[in-house]
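Worksheet: the structure to be examined is printed underneath.
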Amino acid sequence: MLSCVKSFGVSGVGGFAVAVEVYISGGLPGFEIVGLPDAAVREARERVRAAIKNNGFRFPPSRLTVNLAPADRKKAGTLYDLPILIGILAAQGEIDAPSGDCAFLGELALDGSLRRVSGALPMAIAAERSGVKKLFLPAENAAEAAFAESVEVYGVESVRDLIAHLRGEKEISPAAAPDIFAEALPLPDYADVKGQESVKRAFEVAAAGGHNLLCVGPPGSGKSMMAKRLPSILPDMSREEIIEATEIHSVAGLTSREKPIVCTRPFRSPHHTVSGPGLSGGGTIPRPGEISLADTGVLFLDELPEFRSDVLEVLRQPLEDGEVTVSRVSGSVSFPSHFMLVCAMNPCKCGWYGHPSGRCRCSEADIRRYQGRISGPLLDRIDIITEVPSLEFDELKRRAPAESSAEIKKRVDAARAIQRRRFSSSVTSCNARMDSRELRSFCVLDAESEELMRGAFEAMGLSARSYDRILRVARTIADLDGSEEIRSDHLAEAIQYRSYDLAKGE
């Protein structure tokens, strides 16, 4: 007696098809699962046995062999419980074998109820690509999986409900895709920020072009406050970005029935004690780290020099390539990492270097040692460095409302619309990700700007990467200004964002 049930697995942030083959033969009773299962998959034997018996079905007193094909690919997690149960019932004739356009996945409780699994959306998208028309999975995952198109998703509460549906006794209704706008939550507003107009301008430029940004200033000047409000001025997420971000969060187990999809740009702010694998991802079964969880959004590193140097160096390759690769003995997986890096730091250990009050007591050697924790190659990958001065009393007591995030976002959206038209025939999404060919095409300088750039290059000792980043920022400033050409004033502002000298605090 043989049956085959379709299911899926997750590798990285992508799903892959798994055929659950169940064979019931004579001989001494036994229950074996083969096909490179991990411990959680092997333990399915006891969960499936209990769920079958507790729901009034007969467990075969024979030798059971379950093969998870392809047999040379590692299978992990508890999501194969349900297809194994369906395969056993079909193999012994309790139910008809499911049709080839049906797939099953889910973890079983001992009483036969279904518990949520991780990675529902990636597997639903894989089901869509493989021609599956009906996907049965735990009810808690149904709204998330329903975001995939062309697949009918059925949220199952228990084995009894599923068997009744398959027998035609009691129908389960397909789940509806979640409402994106209903899921959106209000974000902190820049209207709460007093003063700091030049710094807010830097954040606006960064948001308009997707640029990396570093804020340097004394404690209490508003660095973290402004960084946390950055998502409120970023463009709305497209459907493709929502799917990409939700896949990553789903694999990490961060989605739920109440919040099935990620429809606001992620803002991740790991503590400075985070480890390298915590930032890049890892584990025996690789899971995404903070870099990938910030995909399509913002990765905020507060107190930048307090992070271990080896942890900060993990950022270099993902910032350039837009993905992070995690290699293990069992194989390697890649996670997307298209994020904006926003950092904040004090100018010295005590935080008051350069402050008019003269409160700083750090020596020059202490200051250089503190700032030297940030490597030159990492600084070279930051487009905008802006000073955040401490606020004066008159600015703090001012009661007039500041410009709101909604007003700033209108300008950002207009600049991003220009970039979408500009890059409509390529995979580039914003100015910060222009390649060298696009730089030559879209960042042409006139004679006056060429001379300005030459002087800045020689005076500041810029690298080739810094030169390119200045051009990208200048292109964004021109877009905010609605200008087709990069003028000298646009370039001058972009150069100013690279001119802050950490060592001098000015």
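The values are calculated or read from the model by the stated rules, or taken from the named source; none is laboratory data. Here the structure is a predicted model, which is why all the values come from computation and not from measurement. Backbone-built Cβ (ideal geometry, glycine too); neighbour counts: all protein chains shown. Quick note on the areas: whole protein, heavy atoms, side chains included, nothing else; ligands and nucleic acids left out. Shrake-Rupley method; radii C 1.70, N 1.55, O 1.52, S 1.80 Å.
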ask   = Going through segment 58-69 one residue at a time, which ones are of a type in the set (Val, Ile, Thr) and open to solvent by less than 10 Å² (accessible area, probe 1.4 Å)?
value = 66
inquiry  = Where the second residue is assigned to a helix (DSSP H, G or I) and open to solvent by less than 50 Å² (accessible area, probe 1.4 Å) and the first is modelled with pLDDT under 80 and lies in segment 350-365, which pairs have Cβ atoms under 7 Å and are six or more apart or on separate chains?
reply    = 353/367
request  = Kindly indicate whether residue 407 is outside any helix (DSSP H, G or I), of a type in the set (Asp, Glu) and at pLDDT 85 or above.
outcome  = no
ask   = Can you tell me which residues in segment 14-55 are under 38 Å from the mean Cα position of the chain (by Cα), farther than 28 Å from residue 125 by Cβ and free of Cβ contacts under 8 Å to residues at least 40 places away in the same chain?
value = 32, 45, 46, 49
query = Looking at segment 472-482, which of its residues are open to solvent by 20 Å² or more (accessible area, probe 1.4 Å) and free of Cβ contacts under 8 Å to residues at least 24 places away in the same chain?
reply = 481
ask   = Hey, residue 477 hits all of (1) at pLDDT 85 or above; (2) outside any helix (DSSP H, G or I) but one; which does it fall short on?
value = (2)
query = Does at least one position in segment 172-183 carry a residue that is open to solvent by 70 Å² or more (accessible area, probe 1.4 Å) and touching a Leu at 6+ places or on another chain (Cβ under 9 Å)?
reply = no
task = Filter segment 139-163 for residues that are part of a helix (DSSP H, G or I) and open to solvent by less than 50 Å² (accessible area, probe 1.4 Å) and give the result.
result = 139, 141, 142, 143, 144, 145, 159, 161, 162, 163
ask   = Give me the pairs: first residue in segment 128-145 and on the phi < 0 side of the Ramachandran plot and among the acidic types (Asp, Glu), second residue assigned to a helix (DSSP H, G or I) and open to solvent by less than 60 Å² (accessible area, probe 1.4 Å), beta-carbon distance under 6 Å, and six or more apart or on different chains, which are they?
value = 144/120; 144/121
query = Does any residue of segment 456-471 turn out to be farther than 24 Å from residue 190 by Cβ, outside any helix (DSSP H, G or I) and open to solvent by 50 Å² or more (accessible area, probe 1.4 Å)?
reply = yes
request  = Considering only segment 201-227, state which residues are under 16 Å from residue 341 (Cα atoms) and either touching a Phe, Trp or Tyr at 6+ places or on another chain (Cβ under 7 Å) or not in a helix (DSSP H, G or I) (or both).
outcome  = 202, 210, 211, 212, 213, 214, 215, 216, 226, 227
query = If residue 49 passes every condition in (1) more than 30 Å from residue 331 (Cβ to Cβ); (2) among the charged types (D, E, K, R); (3) open to solvent by less than 60 Å² (accessible area, probe 1.4 Å) but one, which one does it miss?
reply = (3)
inquiry  = Out of the strands (runs of 3 or more DSSP E) lying entirely within segment 259-345, which hold 2 or more residues that are open to solvent by 30 Å² or more (accessible area, probe 1.4 Å)?
reply    = 323-328, 331-336
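Working carefully through the options 195, 210, find the one that is buried (at least 17 other Cβ atoms within 10 Å of the Cβ) and either free of Cβ contacts under 8 Å to residues at least 24 places away in the same chain or more than 16 Å from residue 382 (Cα to Cα) (or both). Let's see the steps before the verdict.
Values: 210 fails: either free of Cβ contacts under 8 Å to residues at least 24 places away in the same chain or more than 16 Å from residue 382 (Cα to Cα) (or both).
Going through 195, 210 in turn, just one is buried (at least 17 other Cβ atoms within 10 Å of the Cβ) and either free of Cβ contacts under 8 Å to residues at least 24 places away in the same chain or more than 16 Å from residue 382 (Cα to Cα) (or both): 195.
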key: Matching residues, segment 70-121, being modelled with pLDDT of 95 or more, open to solvent by 20 Å² or more (accessible area, probe 1.4 Å) and small (Gly, Ala, Ser)   = 113
